[in-house]
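Here's the structure we're looking at; comments come further down.
The values are calculated or read from the model by the stated rules, or taken from the named source; none is laboratory data. Since we're looking at a predicted model, the values are computed, not measured. For neighbour counting, all protein chains shown are included, and Cβ atoms are generated from backbone atoms with ideal geometry for every residue, glycine included.
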Amino acid sequence: MTSAIAPGAAPDRSDGSRYPYRHLLGIEGLSRSDIDFLLDRADGFVDQNRQADKKSTTLRGRTLINLFFENSTRTRTSFELAGKRLGGDVINMSVSTSSIKKGETLIDTAMTLNAMHPDALVVRHSESGAVHLLAEKVNCSVINAGDGSHEHPTQALLDALAIRRRKGRLEGLEVAICGDVSHSRVARSNIHLLSIMGARVRVVAPPTLLPSGIERFGVEVHHDMERGLAGCDIVMMLRLQTERMKGSYVPSIREYFRYYGLDHEKLRAAKPDALIMHPGPMNRGVEIDSVVADDIDRSLIREQVEMGVAVRMAVLEALVTRQTEPWAKNQ
Amino acid sequence: MRPTLYKNARLLDPATRLDAKGAVLVRDGRVAEVGPGVFVDAIQDDVEVIDCGGRCLAPGLVDMRVQTREPGEEHMETMVSLQAAAVAGGVTTLATLPNTNPIIDDVSLLEFVERLAQEVGMVNVHPYAAATKGLKGEQMTEMGMLAESGAVGFTDGVKAIADAVVMRRLLSYASMVGRPVIQHPEEPSLAREGCANEGETATRLGLAGIPACAEVMMIERDLSLVRLTRGRYHAAHVSTAAAIDAIRRAKAEGLAVTCDTAPHYFALNELAIVDYRTFARVSPPLRSEADRRAVAAGLADGTIDAIASDHAPQDQDSKRVPFAQAEPGVVGLETLLAISLGLVHDGTMALLDVIERLTTGPSRILGLEAGRLAVGAWADLVLFEPERAVRIDASRFRSKSKNSPFDGKPAQGRVWRTVYRGRTVFDLDSEPGDPRARREPAHA
């Protein structure tokens, strides 16, 4: 399946020396060396972001547009900072979902923005595939900042960077992804990325929150939290996405927390040095207990946010500067 | 009109299992003679002679499931463009769904559609009437009077008749007027949010799925009601192995049950939606490869009685949107024959059997005369070349809508001429533009 990187996949190969595609629409379809390349670059930006002077000039004169059809604070801010720290001009456009119900408006919006010659569009949309559609219509690079229940590639990259910096590797790690996998784009991107990098992934959720065919992604499926967490290195919690749910998937928040909420009790099953992650925003007391979330020894949650800026800088740099190469112009 | 002799043809008539070299003589719009030995003194009788050059001459195709968009949505399809598309595809008889605006649930509206169709007059159009008022699934329409005015069946179009009591009464009442009730077999509560076949592909794409069992659930329920009422039941566009099995068993049991399928259910599987190709969004959704094979097998063994295009014109605005928001449906009239012939080319079925599913099969379900090469029958004919390579080009469709998942795909089978009541209504040679370019495959 080529869906992650199409449309407009570049003809050149991944050789680990650059990111070979025009867009970043998903993790599915990327190679290990593509991911390594982005993570290595991002690692450098972490240091840059910790200096007093955080600004570089890589993207000077370039325009980035954050086009968000769905509410977001952290992802949008993260992309905005990333763009600005690289010296680019960043415009934020939030289009409320209610006024954009019709798809032609999506394409119209895309065409309008395209006419302003941006160098990159960062897009979030509530429908799976919407970012794909948009990427087919514009001339600039498109970065998927989350589309429906499909993918959220920069989240998976920042998660991988956070893990890699703490554990020194991704390969061979046991990662448990817990919670609402069915509605989660974060889960899909993470499953793809971790599998590509050689980690072993299990998903832990009640059957109603697991999408059909998930076992075909090469993951181990668990319905019992303690068995699912047994011996794992990373516990990745997902947000219960009540806003995407139509109808009842779990009986109550109380029951959900009882069986699937992460607390110290359930965490005991994991390795003693297991790390806890959450893509945010957290529903404290729903999928994660505050005590666990704020445990500075084990929680990677704040680090994830920090890595987010670095990863997005790496992605923007890879996609936007690549356009200066003359052979890339017409793709 | 001068009599016309179609000579040097490979005659295909599924009704008599005729597959032989021969000729057809058409006089006054009807078949005057047919068979291997038609001898005419062309000059003396003033007969126009058309040399078919060994191509296949079959009864004009009967497409029992077509959505027209007139009245109401003429920007997607008009009766004129619909009929032009039909004859370009070799189709001379259509049955149209009632889901227009206004909905065809009343005698006056039904007669309006019939008149509209007759004014264009390139094909037979047999409208279905709505089974329930306003397609709401509640109150039955005036079935007796509608049947008398020419409704060939009753259906709620692209909506399932969900209420079991309503379905029971429809089957009972329709049996009195001798017309089938045609179901869109899908349990609506299982399909409510879905837009793709449930499974790995939908999950990878992050799309909400519809489980395959939504189809057989509705069919099994309806079959129980058929047992109860002894009604005539037809399941439209079956797409799953389980549903086909259920119908196979019901037929063995002797129930008055028939079904059809559409070309995309045996020519494509769920992978056609990868990259969010909204042109492959159909209802029911494209299924797994195992189901696709079961559909082909069901056609081959006769469980599936007919191939219908399920022609559903959609404009760009309905399709150039995120997948879940896209309207389902494909335009199918102009690819019906070529895609169906794929079953012959891949060895699944004999040519005569495929033509049967496209002519006498649907004709029998609807109680129509059409679809035979019989002496005295209207001369509705299609002349085609089954082996001819083509590349499907939606931009050349006569249909006003271009939503075909087969656009750009190679296929084999080309319609050369379509004859309706003795009159040539489509002739590839006299098409506008460069006929040579049309005749040759676009890719050469």
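Annotations
- Counting only strands (runs of 3 or more DSSP E) that fall entirely inside the range B:81-198 and contain at least 1 residues that are hydroxyl-bearing (Ser, Thr, Tyr), the qualifying elements are B:91-96.
- Among (1) buried (at least 21 other Cβ atoms within 10 Å of the Cβ); (2) at pLDDT 90 or above, the one test that A:Asn49 misses: (1)
- Scanning the range B:375-396 for residues that are assigned to a loop (DSSP other than H, G, I, E, B) and in contact with a Pro (Cβ under 9 Å, 6 or more places away or on another chain) gives B:Ala377, B:Asp380, B:Ile392.
- Selection count where residues are away from chain A (no Cβ under 14 Å) and either surrounded by fewer than 22 Cβ atoms within 10 Å (Cβ to Cβ) or in contact with a helix residue (DSSP H, G or I) (Cβ under 9 Å, 6 or more places away or on another chain) (or both), scope the range B:291-323: 22
- Residue in the range A:240-254 that is within 12 Å of chain B (Cβ to nearest Cβ), of a type in the set (A, V, I, L, M, F, W, C), in contact (Cβ under 8 Å) with a residue 40 or more places away in the chain and touching an Asp or Glu at 6+ places or on another chain (Cβ under 9 Å) present: yes
- Note on the range B:163-190: residues that are touching a residue at least 40 places away in the same chain (Cβ under 8 Å) and hydrophobic (A, V, I, L, M, F, W, C) amount to 7.
- Restricting attention to the range B:145-202, the residues that are more than 19 Å from the chain's Cα centre (by Cα), crowded, with 18+ Cβ neighbours inside 10 Å and either outside the structural domain of B:Ala95 (by TED's automatic domain parsing) or among the polar types (S, T, N, Q) (or both) add up to 3.
- Looking only at residues of the range A:19-38 that are under 23 Å from A:His125 (Cβ atoms) and not in a loop (DSSP other than H, G, I, E, B), we find that the one that is farthest from the chain's Cα centre (by Cα) is A:Leu38.
- Of all residues making up the range B:225-244, the number that are surrounded by 24 or more Cβ atoms within 10 Å (Cβ to Cβ) and either polar (S, T, N, Q) or within 11 Å of chain A (Cβ to nearest Cβ) (or both): 2
- Within the range A:100-115, the set of residues being surrounded by 18 or more Cβ atoms within 10 Å (Cβ to Cβ) and either assigned to a strand (DSSP E or B) or within 9 Å of chain B (Cβ to nearest Cβ) (or both) comprises A:Gly103, A:Leu106, A:Ile107.
- If you go through the range B:324-346 and pick out every residue that is within 14 Å of another protein chain (Cβ to nearest Cβ) and assigned to a helix (DSSP H, G or I), you end up with 2.
- Any hit, the range B:52-74, residues being exposed (fewer than 13 other Cβ atoms within 10 Å of the Cβ) and closer than 23 Å to B:Leu373 by Cα: yes
- Within the range B:44-57, residues that are among the hydrophobic types (A, V, I, L, M, F, W, C) reach partners that are part of a loop (DSSP other than H, G, I, E, B) with beta carbons closer than 9 Å, at six or more positions or on different chains, in the pairs B:Val47/B:Arg2; B:Val47/B:Pro3; B:Val47/B:Val40; B:Val47/B:Asp41; B:Val49/B:Val40; B:Val49/B:Ala42; B:Leu57/B:Leu373.
- All positions within the range A:269-298 that are in contact (Cβ under 8 Å) with a residue 40 or more places away in the chain and loosely packed, with under 14 Cβ neighbours inside 10 Å: A:Asp273, A:Pro281
- Matching option when the condition is modelled with pLDDT of 95 or more, in the same structural domain as B:Gly53 (by TED's automatic domain parsing) and not polar (S, T, N, Q), among B:Leu381, B:Leu341: B:Leu381
- Note on the range B:199-224: residues that are out of contact with any strand residue (DSSP E or B) (no Cβ under 8 Å at 6 or more places or on another chain), more than 14 Å from chain A (Cβ to nearest Cβ) and not charged (D, E, K, R) amount to 3.
- None of A:Arg239, A:Arg244 is crowded, with 20+ Cβ neighbours inside 10 Å, under 23 Å from B:Ala208 (Cα atoms) and of a type in the set (Lys, Arg) except A:Arg239.
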